[in-house]
Amino acid sequence: MAHIHEKIDFCSEVFIVYQDKVLLRMHDKLKFWLSIGGHIELDEDPVEAAIREVKEEVGLDIQIIGEAVGPDENDPKNMGYKYLIPPRYLGRHMVKEGHEHIVFVYFARAVTNNISDSILDHEKGVETKWFTKEDLENTELVPNVKFYAMKALEELGGQ
């Protein structure tokens, strides 16, 4: 999707774990390894965006880790308030001069490691790889990507 604001966008990214591996993709433009994710659309919340982006980019169904907690959503006094699974981390970074992203970082489990190519034309054929802890240690990665990937494996690996 195109940017929804010229100065800042909100994005969801997901570190997906299957057994003792975490999934990363080579960014189609930046040419370095990142998690799966992208912009949050105007009609969705960060969790919905995370699930959609994963399905679009790698064809996986995932379970976002965490719990949405709060009083009864069906109580009329709650006025339609929806509780969301909180992200594991929040981040903010400059994309280019004058434009930033605020990123909701989620961890998720996959029930399979069978990924498919992106349904988005500009991302077709992008390299995608399941990384072990050892792979992460021996691969040059952006520091926050390595940190989140390692944390996801610590929390969800071996399950």
Note to self: Can you report the number of residues in segment 1-18 which are surrounded by fewer than 14 Cβ atoms within 10 Å (Cβ to Cβ) and either touching a helix residue (DSSP H, G or I) at 6+ places or on another chain (Cβ under 9 Å) or touching a residue at least 40 places away in the same chain (Cβ under 8 Å) (or both)?
What the structure shows: 4
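Okay, residues lined up against (1) surrounded by fewer than 20 Cβ atoms within 10 Å (Cβ to Cβ); (2) in a loop (DSSP other than H, G, I, E, B); (3) free of Cβ contacts under 8 Å to residues at least 12 places away in the same chain:
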site: Asp28; (1), (2), (3): yes, yes, no
site: Lys31; (1), (2), (3): yes, yes, yes
site: Gly38; (1), (2), (3): no, no, no
site: Glu41; (1), (2), (3): yes, yes, no
site: Glu57; (1), (2), (3): no, no, no
site: Leu60; (1), (2), (3): no, yes, no
site: Gln63; (1), (2), (3): yes, no, no
site: Val69; (1), (2), (3): yes, yes, no
Check: Of the residues in segment 71-97, how many are modelled with pLDDT of 95 or more, outside any strand (DSSP E or B) and exposed (fewer than 13 other Cβ atoms within 10 Å of the Cβ)?
Finding: 0
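Taking Glu48, is it open to solvent by 30 Å² or more (accessible area, probe 1.4 Å) and part of a loop (DSSP other than H, G, I, E, B)?
Working: open to solvent by 30 Å² or more (accessible area, probe 1.4 Å): yes; part of a loop (DSSP other than H, G, I, E, B): no.
Judged against the criteria, Glu48 is not a match.
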Check: Only one of Ala108, Ala152 is small (Gly, Ala, Ser), assigned to a strand (DSSP E or B) and under 17 Å from the mean Cα position of the chain (by Cα); which?
Finding: Ala108
Next item on the list: Just need a number here: residues in segment 123-146 that are within 19 Å of Arg109 (Cβ to Cβ) and open to solvent by 70 Å² or more (accessible area, probe 1.4 Å).
Entry: 2
Note to self: Where the second residue is assigned to a strand (DSSP E or B) and polar (S, T, N, Q) and the first is closer than 26 Å to His5 by Cα and lies in segment 99-111, which pairs have Cβ atoms under 9 Å and are six or more apart or on separate chains?
What the structure shows: Val103/Ser12; Phe104/Ser12; Val105/Ser12; Tyr106/Ser12
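The values are calculated or read from the model by the stated rules, or taken from the named source; none is laboratory data. Note that the coordinates shown come from a computational prediction; the quantities given were computed from them, not determined experimentally. Don't worry about glycine lacking a Cβ; one is built from the backbone with ideal geometry, like all the others, and counts go over all protein chains shown. When the accessible area is computed, the model is the full protein with side chains, heavy atoms only, and any ligands, DNA or RNA have been set aside. Shrake-Rupley method; radii C 1.70, N 1.55, O 1.52, S 1.80 Å.
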